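Trainee: Quick one: the structure is below, questions incoming.
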Amino acid sequence: MRLAQIEQFIAVVDTGSIRGAARQLGISQPALSRGLQQLEEDLGVQLMQRTVRGASLTSAGSAFLARARVVHAELRKAADDARRAVDAGGGLVSLGLNPVGVLLLLPELATTLQRARPGTRMRIMETAPGAALPLVRDAILDLAVTQRTRANLAAELRFRPLFEIQLHIAVRCGHPLAGTRALRELSDASWLSMTPPGSSDDIVSQSFLAIGRPAPVPAVHCSSFSVALELIAATEMLGVLPPHLLQTSVRAGKLEEIRLKQPLVPLVVGLYTRPDTPPTPAARATSQIIVAIARRIAATGGLRTTEPIVGARADADERREPEVKNRSRYVPS
């Protein structure tokens, strides 16, 4: 089995045909067909069904594809490491971020990384946890900063907690539910969710389940804070936002906060990596910068509050935080 054969196999899968893969790789169709046939003979299984309409994976081919992508990605990184051994610095890091990670970390991360490693290139994807983790597992992403997920896939990855953030419920100014103080009274409201449909990691759903109430079905799923802000301000929908983003919108007169007596379940954000693969120098530097930013935020206490963002002081019940086993809001190790 040779690297060229694996590359050819992946190209056929991505293009959907031997003709398209041959054109992409700049080789003849007979040469590509011979390479695939040799790969199947080496493995002792049929990887693809060939028809006049293209090529499709067999069950064996589907099983081989996931590992083949990892091998191909790791060999590219190995070649990149070898080149960087001659020319220190540079390299490419592929990073996945959830919306909170984009908002809190990205600008400082990008400028700090460029200052520390001027030749390093960044590939950034804003994704939900369910979308980012398979990409980390398959080595398409070097790392992902996203909320802790309960998905089974997480067991295949290493999770390093970075910080815990208390989200707040936002509504348009003058919303009839703005004065609500108990989450249970918002069961029938129209909700906007920042997670994909069917996700088990939605903070609103977890918060309702924590008080013994069924989780509401969101009217809209959205992964962008900018879009969420516009929708919340222009509709009857409720959404959850980080404190400083909500504060900015409240001060601008665009949104109001629903100040609950008991806060929502906190959002735990951390770093997902593959435990069985050493990071590239660029990925290692990126991880170190992310942890440093999280520690700096922890030192300023910028995200520690569970107090209402704007308005009159709450009574003792509203100020009291629920008991938790780990009182630390930031836990970089």
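Trainee: Given a 1.4 Å probe and the protein chains all in place, what does the accessible area of residue 256 round to, in Å² to the nearest 10?
Mentor: In the full protein context, residue 256 sits at about 60 Å².
Trainee: Would you mind computing Rg(Cα) / (2.2 N^0.38 Å) for the range 217-277, counting N as its residues?
Mentor: Here the Cα radius of gyration is 1.43 times the empirical estimate.
Trainee: Give me the mean projected area, in nm² to one decimal, of the convex hull enclosing the Cα positions of the range 1-57.
Mentor: Averaged projected hull area, Cα only: 3.4 nm².
Trainee: To two decimal places, what compactness ratio does the range 128-219 give when its Cα radius of gyration is scaled by 2.2 N^0.38 Å?
Mentor: Normalised Rg, Cα atoms only: 1.29.
Trainee: Another question, if that's okay. At a probe size of 1.4 Å, how large is the accessible area of residue 148, to the nearest 10 Å²?
Mentor: The value for residue 148 is about 130 Å².
Trainee: Accessible surface of residue 230 in the full protein assembly, 1.4 angstrom probe, to the nearest 10 Å²?
Mentor: 120
The values are calculated or read from the model by the stated rules, or taken from the named source; none is laboratory data. Remember, it's a predicted structure, so these values are computed and weren't measured experimentally. With ligands, DNA and RNA removed, areas are computed over all heavy atoms of the protein, side chains included. Shrake-Rupley method; radii C 1.70, N 1.55, O 1.52, S 1.80 Å.
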